[in-house]
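Peer 1: Sharing a structure, written as structure tokens. Questions coming.
The values are calculated or read from the model by the stated rules, or taken from the named source; none is laboratory data. If you're wondering where the values come from, they're calculated on a predicted model, not measured in any experiment. Cβ: placed from backbone, ideal geometry, glycine included. Neighbour counts: every protein chain shown.
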Amino acid sequence: MTDARTGAADAAPTPDAAQPAAAQPAAAQPTGAQPDAAQSAAAPADDARERVAAVCRALAADGLVKGTAGNVSVRVDDGIAITATGVVFAEAVADDVVIVGEDRHLVLGHLAPSSELDLHFAAYADDAVGAVVHTHAPAAIAVSLVSDRLPCVHYQQLTLGGEIEVVPFSVFGSPELAETTGDALSSANAVILAHHGAVTTGRDLADAVAHTALLEWACDIYLRARAAGDPAELSPEQQADVVAAAVATGYGQKHEA
């Protein structure tokens, strides 16, 4: 099957494998964010700063961040383009995004990088990750207050890795938060931070933003179901069947009739 994190082909689907990225819903990406899905993992610095700022504005418009909360980054040559600390997302411009080298030193820009810089670099430990989005999405936060996980209640969650972990609370910007988040993202495209928010990754900005919206959608479904009763989960066997069907049919991808 196709690995949702890398786009590489595997020999066969497994119950805990992620669904191909192409199977994510067309409506998953916030309406205002339209970064080029075909962009390379390492984007030119100036272009990357513009696109990160555009994503910030779109996330704010979609209610996934408030004020200066959250941070976004994308991989560039020898480092990352990341939002600066204190940036109001709804008003973000390219100058609010800085370039930080792999040695954590500022390469381009005059503002201090996000306080979650270490968290982002922890996510980039996986070479398949090309972009990271951290939001204070309300449904994700709500799930973190009532559960230590988001069960796999819909097959489209397989794009994210299936069941999503809720990591224990750690203070923002702390080494502990960076470590627990990085560990969770080593096997999934999303993680929920208790009493805090959510982090998603992708092969590029479009991918990471789509995963953010998909996670929030899945959290909302779970919360609605939990309000009515005990939500049913997809079994590992059912998840494996979905992965196999998606691979066999090219689900979610345009193709000739």
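Peer 1: Pairs, please: C-beta under 9 Å, at least 6 apart or cross-chain, first residue among the small types (Gly, Ala, Ser) and in the stretch 100-112, second at pLDDT below 95?
Peer 2: Here the result reads GLY101/ASP78, each pair linking the stretch 100-112 to a residue that is at pLDDT below 95.
Peer 1: Failed condition for VAL191, given (1) farther than 19 Å from ILE80 by Cβ; (2) surrounded by 21 or more Cβ atoms within 10 Å (Cβ to Cβ), with all others met?
Peer 2: The failed condition is (1).
Peer 1: Taking GLU50 as meeting all but one of (1) at pLDDT below 50; (2) more than 18 Å from the chain's Cα centre (by Cα); (3) charged (D, E, K, R), write down the number of the exception.
Peer 2: Condition not satisfied by GLU50: (1).
Peer 1: Wholly within the stretch 117-231, which strands (runs of 3 or more DSSP E) include no fewer than the required count, namely at least 2 residues that are of a type in the set (Gly, Ala, Ser) and in contact with a His (Cβ under 8 Å, 6 or more places away or on another chain)?
Peer 2: Working: elements: 131-135, 164-167, 190-193, 197-202.
Correct list: 197-202.
Peer 1: Right, something else. With the requirement that a residue be under 24 Å from THR83 (Cβ atoms) and surrounded by 24 or more Cβ atoms within 10 Å (Cβ to Cβ), what does the stretch 133-151 give you?
Peer 2: Scanning the stretch 133-151 gives VAL133, HIS134, THR135, ALA137, ALA140.
Peer 1: So which residues in the stretch 213-239 are under 20 Å from VAL146 (Cα atoms), under 16 Å from the mean Cα position of the chain (by Cα) and buried (at least 22 other Cβ atoms within 10 Å of the Cβ), if there are any at all?
Peer 2: If the condition is that a residue be under 20 Å from VAL146 (Cα atoms), under 16 Å from the mean Cα position of the chain (by Cα) and buried (at least 22 other Cβ atoms within 10 Å of the Cβ), then LEU214, LEU215, GLU216, ALA218, CYS219 are the ones that fit.
Peer 1: Is it fair to say VAL242 is in a helix (DSSP H, G or I) and either of a type outside the set (Phe, Trp, Tyr) or crowded, with 19+ Cβ neighbours inside 10 Å (or both)?
Peer 2: On the way: in a helix (DSSP H, G or I): yes; either of a type outside the set (Phe, Trp, Tyr) or crowded, with 19+ Cβ neighbours inside 10 Å (or both): yes.
Taking the combined requirement at face value, the residue satisfies it.
Peer 1: Related question: With ALA53, ALA90, ALA81 as the choices, which residue is crowded, with 17+ Cβ neighbours inside 10 Å and part of a helix (DSSP H, G or I)? So that I can check it myself, show each step before the final result.
Peer 2: Working: ALA90 fails: crowded, with 17+ Cβ neighbours inside 10 Å; ALA81 fails: part of a helix (DSSP H, G or I).
When all the criteria are applied, what remains is ALA53.
Peer 1: Same structure, new question: Looking at the structure I just gave you, is LEU145 touching a Phe, Trp or Tyr at 6+ places or on another chain (Cβ under 9 Å) and touching a residue at least 24 places away in the same chain (Cβ under 8 Å)? Spell out the reasoning first.
Peer 2: Working: touching a Phe, Trp or Tyr at 6+ places or on another chain (Cβ under 9 Å): no; touching a residue at least 24 places away in the same chain (Cβ under 8 Å): yes.
Judged against the criteria, LEU145 is not a match.
Peer 1: Every residue in the stretch 56-102 that is farther than 22 Å from ALA128 by Cβ, more than 19 Å from the chain's Cα centre (by Cα) and of a type in the set (Asp, Glu), please.
Peer 2: Within the stretch 56-102, GLU91, ASP95, ASP96 meet the criteria.
Peer 1: Residues in the stretch 59-78 that are within 27 Å of ASP127 (Cα to Cα) and surrounded by fewer than 16 Cβ atoms within 10 Å (Cβ to Cβ): how many?
Peer 2: 2
Peer 1: Ok, one more. Return the residues of the stretch 245-256 that are more than 30 Å from LEU59 (Cα to Cα) and surrounded by fewer than 16 Cβ atoms within 10 Å (Cβ to Cβ); say none if nothing qualifies. Explain how you work it out, then say what you get.
Peer 2: Within the stretch 245-256, the subset more than 30 Å from LEU59 (Cα to Cα) is 245, 247-249, 255-256.
Scanning the stretch 245-256 gives ALA245, ALA248, THR249, HIS255, GLU256.
Peer 1: Could you list, in sequence order, the residues of the stretch 100-116 that are over 12 Å from VAL72 (Cα atoms) and not in a loop (DSSP other than H, G, I, E, B)?
Peer 2: Here is the first cut: in the stretch 100-116, the residues over 12 Å from VAL72 (Cα atoms) are 100-112.
Across the stretch 100-116, the qualifying residues are VAL100, GLY101, LEU106, VAL107, LEU108.
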